Amino acid sequence: GGTYASQRIENLVHALLGLGVDGVGQTSWGPTVFAFCESESDAIELAATLRSWRSQDKFSAQELWIAKPRNTGFVTEG
């Protein structure tokens, strides 16, 4: 009924934006949420904040990844 898959995801998106990330979104219809950071050190700091939120039950996620962008298309091996 809204832009995001659930109220919980919408709350997370707004919280991430409040932390100053460069961009945030949701894959297809969720449940994956992603955020863009200026640098790897910013991403590490954001991940630490999210882990702290998880330990305080402010945020629940099964996995938290930091990944670098890849500016190429799909390549098959072989």
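Scanning the stretch 1-13 for residues that are under 11 Å from the mean Cα position of the chain (by Cα) and modelled with pLDDT of 85 or more, we see that the one that is most open to solvent (accessible area, probe 1.4 Å) is L12. Taken as a whole, the condition of being out of contact with any Cys (no Cβ under 6 Å at 6 or more places or on another chain) and on the phi > 0 side of the Ramachandran plot applies to D57. Selection of first residues in the stretch 8-28 that are hydroxyl-bearing (S, T, Y) and of second residues that are outside any strand (DSSP E or B) and open to solvent by less than 30 Å² (accessible area, probe 1.4 Å), restricted to Cβ pairs under 6 Å at least 6 apart or on distinct chains, gives an empty result. Counting only residues that are part of a loop (DSSP other than H, G, I, E, B) and surrounded by 16 or more Cβ atoms within 10 Å (Cβ to Cβ), the stretch 14-45 holds 2 of them. Scanning the stretch 46-78 for residues that are open to solvent by 70 Å² or more (accessible area, probe 1.4 Å) and either in a helix (DSSP H, G or I) or of a type in the set (S, T, Y) (or both) returns R51, R54, S55, S60, T72, T76.
The values are calculated or read from the model by the stated rules, or taken from the named source; none is laboratory data. Just so it is clear, the structure is predicted and the values come from calculations on it, not from any experiment. Cβ atoms come from the backbone with ideal geometry, glycine included; neighbour counts cover every protein chain shown. Just so you know, the surface numbers come from the protein's heavy atoms only, side chains and all, with ligands and any DNA or RNA stripped out. Shrake-Rupley method; radii C 1.70, N 1.55, O 1.52, S 1.80 Å.
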